[in-house]
1. Taking the 0 to 90 degree range and rounding to the nearest ten, how far is the long axis of helix 207-220 tilted relative to the main principal axis of the chain, both from C-alpha atoms?
2. Please list the non-local residues whose amide H lies under 5 Å from the amide H of Asn299, H modeled 1.01 Å from N, same-chain partners needing a gap of 5 or more.
3. For region 78-151 and region 241-319, what is the separation of their C-alpha centers, rounded to whole Å?
4. For a quick check: with amide H placed at 1.01 Å from N, whose amide H comes under 5 Å from Gly99's, ignoring anything fewer than 5 positions away on the same chain?
5. Could you check which residue among Pro11, Pro207, Pro300 shows the biggest mean-square fluctuation in a GNM of the chain with a 10 Å Cα cutoff?
6. Loop-only check: which trypsin sites (Lys or Arg not before Pro) in region 108-208 are DSSP coil with at most 14 other Cβ within 10 angstrom?
7. Among Asp184, Asp107, Asp197, which one shows the highest mean-square fluctuation when the chain is modelled as a Gaussian network with alpha-carbon springs under 10 Å?
8. In degrees, nearest 10, range 0 to 90: what is the angle between the Cα axis of helix 275-288 and the longest Cα principal axis of the chain?
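No value in this document is a laboratory result; all are computed from the given coordinates. Remember, predicted model here, so these are calculated numbers, not experimental data. Please note: Cβ atoms are built from the backbone with ideal geometry, for glycine as well, and neighbour counts cover all protein chains shown.
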Amino acid sequence: MRTIVLTRTAPLAAMGRYLRRAEVLGFEAAVTIDHLLTTPPAYACTWLEPIALLSALAGVTERIRLGTMVLVLPLRNPVYFAKEWATLDVLSGGRSILGVGVGWADDEFALMGVPRNERGRRMEEALELLRALWAGNDVSFEGRHFRVHNLTIDPKPVQTPHPPIWIGGGSQPFEKIYGQTVPDVTPVLRRVARYADAWVPHSSATPDNVRQDWAVIERAAPGFGRKASDIRVVYSNFVHVLEKGARPETAAPRFATFSGMDLEYWQEHYLLGEAGRIVDRINARIAAVDGRVDWVVLNPVDWDPEQLERLAAEVLPRIEG
């Protein structure tokens, strides 16, 4: 399956034209990133609030699925969020995809009064509660952080038992992007094995990172009564397709509008180059999980319709698997 990501702000009418063209070209979904604050150096920008944005886009599109990749779930109250997302799913006619992650930006956690070291546990409790509230009535839940008694959310999402839940995370060069170290990503991967309908490795993960992380998920899934084969795999990355013979430096102004990383980093970890090079890198990541990629998510760095056309004509038809 094929999808694109929304980044920089544009007028709603322009977004609608862009996504309706994407529908014609065969793109199946559009997903947006979630950040409350600017988060340099990883990003030089922030994004529109995702639920408001996706609700607006539901009214100017017809078929394309709409989602997040990823929304920082531990910053939300799960009951209030269950109502918000169910409303989005209803308004979009059952087209929503909920991509979530634990987040990483210290300032965002401090602002919201959520201890950063509780984010993993809060994420797991929120997922348990969301799934219960969307699937049934008179829900009771007793967790460390969230407790409800005989609670019903109505209306329910159109999609049953719930909208698809994608979980992002895994290995990547954390110190380069966030100035942070993560000694062990096993808890993240076990969370994927337990809850995810689809796993979204980090854009900057190498094929070896993805291969090793997937092996952890495969081993962990049976312990949660699941088969790894039931978990979809997503390849996601930022992308800019160069014209034949164009130098990478020509794309620097576009990348600089949203990314604080340098050109060397963009070339190493993002999809920057002519179509053939981009296709080769995507196929290498797909091969890392034995061709088990179900979605390819490509994030143009601006709203240039020419990039949309190039992706559809020069890149997507050559992706393997």
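1. 20
2. So Asn299 has HN proximity to Val5, Asn237, Phe238, Val239.
3. If we compute the Cα centre of each part, the gap is 32 Å.
4. HN-HN under 5 Å from Gly99: Thr68, Leu71, Trp166.
5. Pro11
6. Working: sites: Arg116, Arg119, Arg121, Arg122, Arg131, Arg144, Arg147, Lys176, Arg190, Arg191, Arg194; in loops: Arg144.
Here the sparse-neighbourhood loop sites are Arg144.
7. Maximum fluctuation in the GNM of the chain, among the listed residues, is at Asp184.
8. 40
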